[in-house]
Amino acid sequence: MAATLMLLVGLPGAGKTTLARQLETGRAALRLTPDEWMAPLFGAGEAGEQRWLLESDLLWNVAARVLTLGMSVVLDYGCWARQERDLFRARAAALDVAFELHVLEVPLETLWARLDARNAALPPHTFPVTRAELETWAGWYEGPDHAELAPTTQPPYRAVVHRWPA
C-alpha cells in the first residue's frame, strides 16, 4: 500500500487518539499525537503558540520525512478549521501521497460524558477540559461540508466519517 497521510478531525473526547492507535497498528503507520509531546517539550500549562509550532513545524517535519520514506502517518491533531485541513491536504499533495480525512462526529452530551469521566482520572499527557471550554470549542468547530468529504483521485483522497453512536 502507498504511503498515506491520515488526518483525524474532532473535538476533545471524540475518540481521536483511540482511533489513531487503531490506525497505527492496523495500517502500520507512525502515529503523531501532540498531547504526548507537549509536556516533555514545553512543560505543563497553556499550549497556544507552542502547540501550533509543534503541530505545524516539528511534528510535520517528522511526518513529511516518514511519508517520503514510503510509510504512512496518522496525525492525531483535531483540525477544527477547514483552513487547517486544507493545509495538510495540500502538504500531502505536494509529497504525492494519499490523504485520508477521518472525521469523528460525536454528540456534545456524549463528548461531555467522556471528558467528565476522563477528568476524574486523567491519563498521562492529557489535560482536564471543563464543560464551558467544550461548549466554547464546539462553537469554533468547523466540520467538513459535503464538498470537503467528496473523494478525489488527484492526489488519492478519501474521507471517512465515524459517527457515535453508530
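Between Ala93, Gly13, Trp80, whose Cα lies farthest towards the positive end of the dipole of the chain when Lys and Arg beta carbons carry +1 and Asp and Glu beta carbons carry -1, centred on the Cα centre?
Positive-end residue among those listed: Ala93.
With springs only between Cα atoms under 10 Å, which of Gly70, Gly13, Gly78 fluctuates most in a Gaussian network model of the chain?
Gly70
For a quick check, take a GNM of the chain with Cα springs below 10 Å and name the residue from Leu59, Leu122, Leu19 with the largest mean-square fluctuation.
Comparing Leu59, Leu122, Leu19 in the GNM, the peak value goes to Leu122.
Evaluate region 96-156: find the radius of gyration of its Cα atoms, find its Kirkwood radius, and give the ratio Rg to Rh.
Radius of gyration over Kirkwood radius for region 96-156 works out to 1.12.
Once you treat every alpha carbon in region 59-166 as an equal point and sum by Debye, what is log10 I(q)/I(0) at q = 0.21 Å⁻¹?
Cα-only, vacuum Debye calculation for region 59-166: -1.19.
Kindly report, to the nearest 10 Å², the accessible surface of Arg89 as traced by a 1.4 Å probe over protein heavy atoms only.
The accessible area of Arg89 comes to roughly 50 Å².
The values are calculated or read from the model by the stated rules, or taken from the named source; none is laboratory data. Model, not experiment: these values are computed from the prediction. Because the Cβ atoms are built from the backbone with ideal geometry, glycine has one as well, and the counts that use them run over all protein chains shown. The area values use the complete protein model at the heavy-atom level, side chains included, leaving out ligands, DNA and RNA. Shrake-Rupley method; radii C 1.70, N 1.55, O 1.52, S 1.80 Å.
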